[in-house]
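The values are calculated or read from the model by the stated rules, or taken from the named source; none is laboratory data. Computed from a predicted model, the values in this text were never measured in an experiment. Reconstructed Cβ throughout: ideal geometry from the backbone, glycine too, with neighbour counts over all protein chains shown.
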């Protein structure tokens, strides 16, 4: 075999390797942006079917479910859209086979995020309705619900403030000057840290107690099962 023939075989092989390397390191295409509300309002209405619920395969644990929707558009064929599940984990598979209404801006069959849901299946609508308390215990249930939210906010505030107060205590001990002296005048930093640390578990505990009392008031009001219902 001559040197020219050997060179001719090496060049295509080298080019194939270069093309393969470029394909491997080429970043994936960026997804198309989701249309704006104005574009959806000026778009088209469609009725589709939820025919699959997929999970993100890129994680060790199952990821959030994505509903795959297919709609037959007259004169344009089928279009396919994706939308995250609206309820808790595992609910996506239960919605397969239900109809769904949505708006879209194009007839592109593979523009997956070109979707704005206008009407979910009935079971989703019922689950997303706010809870209304009825009966003689409704007032008590609402009061316990407000107290639960207030205690939860106290617990969250304790979690967020504790690191800053600890830094103020440590820095004040080392440098002799408090960072938060202007915000907490007259309050010893050690006392502030103790209050903040204690507020976190106490707030969450009281929130759970208020939740239990709220549910008990709703369920026992007049002894009827319809005391706590979902409504618009």
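For this structure, a couple of remarks:
- Any pair with Cβ under 6 angstrom, 6 or more apart, that starts in the stretch 120-137 at a residue that is more than 29 Å from residue 68 (Cα to Cα) and ends at one that is crowded, with 19+ Cβ neighbours inside 10 Å and at pLDDT 75 or above: 133/141; 137/217
- Scanning the stretch 67-88 for residues that are under 22 Å from residue 126 (Cβ atoms) and at pLDDT 80 or above, we see that the one that is surrounded by the fewest Cβ atoms within 10 Å (Cβ to Cβ) is 84.
- Filtered by the rule that a residue be in a loop (DSSP other than H, G, I, E, B), at pLDDT 85 or above and more than 15 Å from residue 35 (Cα to Cα), the stretch 110-127 gives a lone residue, 120.
- The number of residues in the stretch 139-154 that are surrounded by 15 or more Cβ atoms within 10 Å (Cβ to Cβ) and at pLDDT 90 or above comes to 5.
- Where residue 30 falls short, out of the listed (1) modelled with pLDDT of 90 or more; (2) not assigned by TED's automatic domain parsing to the domain that holds residue 121: (1)
- All conditions but one from (1) part of a loop (DSSP other than H, G, I, E, B); (2) at pLDDT 85 or above apply to residue 47; the one that does not is (1).
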